[in-house]
Amino acid sequence: MTGGRATTIRRQWWAWAIAALVIAVAVAPLVQQWLTNPDDQRLVDLDVYRTGGQMILDGRAVYEFATPAPQLLPFTYPPVAAMLAVLLAKMSWETAQWVWTAGVFVSLAVVVAYSFRGVLSAHREGWARYAPWLFAFLMVACTYLMPIRDQVRFGQVDILLVALCLADCVARRPWWPRGFLIGLATAVKLTPGVFLIYLLVTRQWRTFFMAAFAAALLTLLPFVVIPQDAADFWFSALFDPNRLGANAATTNQSIRGMLIRLYLPDAVTSVIWIALVAVVGWYGFRGARAAHQAKDPITAVALVGLMAVLLSPVAWIHHLAWVVVVLGAIVGDGRDPVRVRVAVGVWLYYVLPIPWWGVALKVAGVPVLDKIVQDGYGLGALGLVWLLVSWLPKRRDVV
């Protein structure tokens with residue numbers, strides 16, 4: 001190694017260390033806000049995870065508890081998630097908060113690194129020296145997206161699941177069996193199961209079988225370790241959507257959530273929902289297959305992630321953590337200024353609390369517009385599906 005090359009590497013290490021410090025300082029106000037919240041309002045989903053693990057340690061029924069008032073939240077995840085949550089239950093509440101919050105940002109770093117790999121590794125003269133600063137900028141920008149802010153606010157697991165599925169799909173030489181991470185994510189929370197459909201339609205058979213095997217193994221394991229809890233989930237709790245919260249709430253931005261807020265007869269809502277799921281699913285997975293064939297795995301993953309949100313019966317705003325991957329897909333390698341400007345617009349859209357503006361319009365008695373704005377993130381996700389399927393391919397060869 002030449003002296004010049006060694007000096008460059010040392011400088012890069014210093015640059016990355018300073019970039020990490022910049023990130024820490026920039027996100028500190030958000031972390032401080034939510035980790036100093038009143039105890040009964042702080043990281044309420046993390047509290048659910050820890051309590052689920054504690055139920056196993058205490059030999060009590062996982063799916064019969066609720067966290068203390070005013071939250072009263074039940075455990076809604078598959079039983080293997082409760083088994084993994086035992087690790088959290090063994091920590092003190094204060095330690096768990098800091099460990100989990102750090103994990104959120106580590107997961108986000110993985111997602112940003114993979115999603116914006118095209119621009120971070122762009123081969124331009126002298127470009128590499130700016131990679132740490134660009135990464136810091138992207139980390140801070142993505143942190144303040146509302147779906148990511150909610151990861152910190154609630155102590156949610158979604159960004160970790162995004163990182164698992166994204167890494168499994170786009171890592172060039174993974175050290176794990178490709179497909180295992182998708183199987184793990186699917187076993188922990190069912191919605192990443194949409195990636196099994198993606199692997200099928202793209203005929204990635206080896207990865208599909210590994211993902212299906214891992215998901216099945218981790219699903220069956222609780223029947224051996226905690227059989228009653230496993231039976232309670234798969235034969236009872238799974239079929240109670242109200243365990244997830246009020247399905248008509250503004251935070252539910254899935255297609256079904258948007259339809260429920262129209263307050264049509266239940267039968268009509270169900271028929272329309274099934275029809276829209278079929279159409280959007282066909283369009284989205286077809287687009288993901290086309291992106292895969294075009295050697296654009298980031299766009300393919302972004303589309304499948306949007307399917308996980310839109311097609312699910314319930315998808316809270318924090319489930320839209322996939323928007324980070326969407327932004328990376330739109331930006332590409334950063335050479336097309338039109339794509340960059342569109343990405344900035346999408347970023348701003350998901351930074352602003354648009355659905356809550358809809359609630360304000362509803363209170364003010366503004367008809368029609370209140371529903372549209374209240375459904376803003378879900379409608380925006382539908383628009384992003386079109387953008388990635390129909391608009392983005394036309395821009396790939398522009399620059």
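The values are calculated or read from the model by the stated rules, or taken from the named source; none is laboratory data. In this text, all values refer to a predicted model and were calculated from it rather than measured experimentally. Counting neighbours? That spans all protein chains shown, and the Cβs are built from the backbone with ideal geometry, glycine included. For the accessible areas, the whole protein counts, side chains as well, though only heavy atoms, and no ligand, DNA or RNA atoms are used. Shrake-Rupley method; radii C 1.70, N 1.55, O 1.52, S 1.80 Å.
Using only the Cα atoms of the stretch 167-253, build the gyration tensor, take square roots of its eigenvalues as a ≥ b ≥ c, and label the shape rounded, prolate or oblate: rounded if a/c is under 1.5, else prolate if a/b is larger than b/c, else oblate. Can you show the working numbers first?
Working: a/c = 2.59, a/b = 1.42, b/c = 1.82.
Note, shape of the stretch 167-253 comes out oblate.
In sequence order, what are the phi-derived ³J(HN,Hα) couplings for the stretch 47-59 according to the Karplus relation 6.51 cos²θ - 1.76 cosθ + 1.60 with θ = phi - 60°, rounded to whole Hz, with x for glycine and proline?
4, 4, 4, 4, 5, x, x, 5, 4, 5, 4, 8, x
Please identify the trypsin sites (Lys or Arg not before Pro) of the stretch 129-234 that satisfy two criteria: DSSP loop assignment and at most 16 other Cβ atoms within 10 Å. Which are they?
On the way: sites: 129, 149, 153, 172, 178, 189, 203, 206; in loops: 172, 178, 189, 203.
Here the trypsin sites (Lys or Arg not before Pro) that fit, given the DSSP loop and packing criteria, are 172, 203.
Semi-axes of the stretch 274-399's equivalent ellipsoid from the Cα gyration tensor, sqrt of 5 times each eigenvalue, largest first, rounded to whole Å?
Numbers: eigenvalues 144, 64, 26 Å².
Semi-axes from the Cα gyration tensor: 27, 18, 11 Å.
Which of these, 327, 238, 164, has the largest mean-square fluctuation under a Gaussian network model of the chain (Cα springs below 10 Å)?
The residue with the greatest mean-square fluctuation here is 238.
Semi-axes of the equivalent ellipsoid of the stretch 116-266: what are they in whole Å, largest first, if each equals the square root of 5 times a C-alpha gyration tensor eigenvalue?
Values: eigenvalues 215, 121, 45 Å².
Computed over the stretch 116-266, the values are 33, 25, 15 Å.
Could you work out Rg/(2.2 N^0.38 Å) for the stretch 267-334, with Rg from alpha carbons only? Each step should come with its number before you reach the end.
Values: Rg = 13.4 Å, N = 68, 2.2 N^0.38 = 10.9 Å.
Computed over Cα atoms of the stretch 267-334, the ratio equals 1.22.
With the Cα gyration tensor of the stretch 325-393 in hand, convert its eigenvalues to equivalent ellipsoid semi-axes via √(5λ) and list them largest first in whole Å.
Numbers: eigenvalues 164, 28, 12 Å².
That gives 29, 12, 8 Å for the three semi-axes.
Take the alpha-carbon centre of the stretch 232-306, take the same for the stretch 147-196, and report the distance between them in whole Å.
The two parts, judged by their Cα centres, are 18 Å apart.
Hey, any idea what % of the chain's accessible area is carbon plus sulfur with a 1.4 Å probe?
Numbers: 12810 of 18860 Å².
Here it works out to 68 percent.
Under the definition of Cα pairs under 8 Å and six or more residues apart, what whole-number percent is the relative contact order of the chain?
Working: 543 pairs, mean separation 69.6, N = 399.
This gives 17 percent for the chain.
Expressed in nm to one decimal, what extension gain is obtained for the pair residue 130 and residue 14 from 0.36 nm per residue of sequence separation less their Cα-Cα distance?
Details: separation 116, 0.36 × 116 = 41.76 nm, distance 1.23 nm.
Once the chain is fully extended between residue 130 and residue 14, it gains 40.5 nm.
Under 28 Å Cα-Cα from residue 371, which lysines qualify once same-chain neighbours fewer than 8 residues away are excluded?
Counting by Cα, and skipping residues close in sequence, residue 371 has these lysines nearby: 362.
What number in nm² do you get for the stretch 213-293 if you take the convex hull of its Cα atoms and divide its surface by four?
Details: hull surface 31.6 nm².
Quarter of the Cα hull surface area: 7.9 nm².
Dipole magnitude of the chain about its Cα centre, charges +1 at Lys/Arg Cβ and -1 at Asp/Glu Cβ only, in debye to the nearest 20? Please list the in-between numbers first.
Working: 32 positive and 21 negative charges, 351 e Å.
With only Lys, Arg, Asp and Glu charged at Cβ, the dipole is about 1680 debye.
Which loop trypsin sites (Lys or Arg not before Pro) in the stretch 244-303, with loop taken from DSSP, have no more than 15 other Cβ atoms within 10 angstrom of their Cβ? Write out the running numbers ahead of the final one.
Values: sites: 256, 261, 286, 289, 295; in loops: 261, 295.
Answer in residue order: 295.
Compute the FRET efficiency between residue 333 and residue 293 as 1/(1 + (r/R0)^6), taking r as their Cβ-Cβ distance and R0 = 25 Å, and round to the nearest 0.05. Don't skip to the end; give the middle numbers.
Details: r = 19 Å, r/R0 = 0.76.
Once rounded, the FRET efficiency stands at 0.85.
Label residue 94 and residue 171 with points 7 Å out from Cα along Cα→Cβ: what is the distance between them in nm?
Simple spin-label model gives 3.5 nm for this pair.
With the other protein chains left in place, how much accessible area per residue, in square angstrom, belongs to the chain at a 1.4 angstrom probe?
Numbers: 18860 Å² over 399 residues.
With the other protein chains kept in place, the chain gives 47 Å² per residue.
Could you tell me the center-to-center distance, by alpha carbons, between the stretch 35-56 and the stretch 84-103 in angstrom?
Using only Cα atoms, the two centres lie 9 Å from each other.
How big is the dipole moment of the stretch 174-270 about its Cα centre under a simple scheme where the beta carbon of each Lys and Arg is +1, that of each Asp and Glu is -1, and everything else is neutral? Debye, nearest 20, please. Intermediate results must be reported in sequence, preceding the final value.
Numbers: 7 positive and 4 negative charges, 89 e Å.
Computed about the Cα centre, the dipole is about 420 debye.
Assuming 0.692 mPa s and 37 °C, estimate D for the chain with Stokes-Einstein, Rh taken as the Kirkwood radius over Cα pairs, in µm²/s. Could the numbers behind the result be given before it?
Values: Rh = 22.2 Å.
Diffusion coefficient, whole number: 148 µm²/s.
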